[in-house]
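The structure appears right after this line, and notes come after that.
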Amino acid sequence: MITAFIFVEAERGQVTGLAQALADLPGISEVYSVSGRLDLVAIARVVEADDLAHLVTEKLAVLPGIVRTETLLAFRAYSRHDLDSLFEVGLTGSQ
């Protein structure tokens, strides 16, 4: 799994609508509004690098309201939380 952090600068007055449009994209797991020079940070989780390239260049970058983006790839996660187990909930087939 590839995780990327996509920093987004939005046009004035477009943050809320853009955040929802980003959250609706397949491959985007979370979107945060943030303080500082950026407006939004989107977390992408995809299987392959080609999936990320498609998401960023063909789906995300063409959304209205985006001024600029910067994408950072995560190499390794350091966390007390087991994120994989969160995504596996309900996938075992047991009911």
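Remarks
- Test: residue in the range 33-47 that is assigned to a helix (DSSP H, G or I) and touching a strand residue (DSSP E or B) at 6+ places or on another chain (Cβ under 8 Å): no
- Hey, residue 30 open to solvent by 50 Å² or more (accessible area, probe 1.4 Å), in a helix (DSSP H, G or I), without any contact (Cβ under 8 Å) to a residue 40 or more places away in the chain and not polar (S, T, N, Q) or not: no
The values are calculated or read from the model by the stated rules, or taken from the named source; none is laboratory data. Quick caveat: nothing in here was measured; it's all calculated off a predicted structure. Heads up, the Cβs are rebuilt from the backbone with ideal geometry, glycines too, and the neighbour counts pull from every protein chain shown. Protein only, heavy atoms only, side chains kept; ligands, DNA and RNA dropped before computing areas. Shrake-Rupley method; radii C 1.70, N 1.55, O 1.52, S 1.80 Å.
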